[in-house]
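The values are calculated or read from the model by the stated rules, or taken from the named source; none is laboratory data. All of these numbers come straight from a predicted model, not from anything done at the bench. Using ideal geometry, Cβ is built from the backbone for each residue, glycine included, and neighbour counts are taken over all protein chains shown. SASA here: full protein model, heavy atoms, side chains in, ligands and nucleic acids out. Shrake-Rupley method; radii C 1.70, N 1.55, O 1.52, S 1.80 Å.
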Amino acid sequence: VPPLLELCGFEYKNLPHESQFYRFLSDTKNTVLKDIHYNLNQLLINQGFIALDEFIIDSKPIMAATKENNFKNPNRNTINKNQQPNRNPAATLSYYSCQITNGKKESMIFFWGYRTHTLITQQGICLVELTLPNNITDQEVAFKLLKELKRKYKFEKDAVFLADKAYDVRDLYTFIVKQMKGKPYIPI
């Protein structure tokens with residue numbers, strides 16, 4: 001998309017090869033990227049583009065780049081689910097509860113990978129993000145996201161925290177009300 005290329009500092013039709021992105025990511029410390037992310041968010045907050053009164057917590061699965069996840073691999077369904085992938089040993093086994101593959105709806109697809117957990121504003125701006133193995137529950141990570149939000153940002157008292165039913169845990173409600181001084185809205 002030309003406007004997005006320009007916003008990222010690239011010339012139209014002059015996008016670097018993907019190997020340069022991998023080199024950039026492998027040569028750049030994650031803390032540098034997190035600092036840039038935080039500074040950009042602070043700029044948006046100071047300019048009034050982000051309101052710190054309503055937050056959404058959610059997670060999304062991320063497939064690891066392994067042959068075990070490749071849908072074109074004819075041996076994909078015969079691979080031992082107890083054996084860690086060689087290429088991505090930190091990945092853990094998880095599943096998509098509903099996935100459409102080749103136009104056919106499958107109720108459960110197993111994959112090796114991670115989950116990215118985010119806390120975003122009502123404007124859709126991610127304030128806090130953690131990418132972790134699949135075997136860590138959404139509720140466990142929610143506490144980490146909320147503590148990081150409290151540590152980094154000055155949000156409003158009585159802020160609203162929205163989450164889906166994966167976060168329906170009494171301890172999380174209590175934490176949001178007592179520690180965050182907020183209002184949790186989580187379906188049962």
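Some points to look at:
- Overall, the ratio between the Cα radius of gyration of region 127-176 and 2.2 N^0.38 Å, rounded to two decimals, is 1.16.
- Per residue value of the accessible surface for the chain (all protein chains in place, 1.4 Å probe), Å²: 68 Å²
- Two-site FRET efficiency, Lys144 against Phe21, from Cβ-Cβ distance with R₀ of 35 Å, rounded to 0.05: 0.80
- Theoretical ellipticity at 222 nm over the chain - DSSP helices of four or more residues, -39500 (n - 2.57) apiece, nearest 500: -8500 deg cm²/dmol
- The spacing between region 101-157 and region 26-56, judged by their C-alpha centroids, is 16 Å.
- Alpha carbon convex hull of the chain, volume per residue in cubic angstrom: 171 Å³
- Nearest-20 debye value, the chain charge dipole, Cβ charges on Lys, Arg, Asp, Glu: 440 debye
- Under-5 Å amide H pairs with Ile109, H placed in peptide plane, nonlocal only: Tyr96
- Solvent-accessible area of the chain (1.4 angstrom probe, protein heavy atoms only): carbon and sulfur portion equals 54 percent.
- In terms of distances greater than 31 angstrom between alpha carbons, the cross-link table entries Lys34/Lys183; Lys152/Lys183; Lys13/Lys34; Lys60/Lys147; Lys72/Lys147; Lys104/Lys165 yield Lys72/Lys147.
- Estimated inter-spin distance, Lys165 and Lys178, nm [label 7 Å along Cα→Cβ]: 2.7 nm
- If only the Cβ of Lys and Arg carry +1 and only the Cβ of Asp and Glu carry -1, the dipole of region 108-167 around its Cα centre is close to 240 debye.
- Sites Tyr12 and Arg151, calculated FRET efficiency, Cβ-Cβ separation with R0 35 Å, nearest 0.05: 0.30
- Computed E for Arg87/Asn39 - FRET, C-beta separation, R0 35 angstrom, nearest 0.05: 0.55
- Within region 119-144: backbone nitrogen closer than 14 Å to the Lys29 label point (7 Å, Cα to C-beta): none
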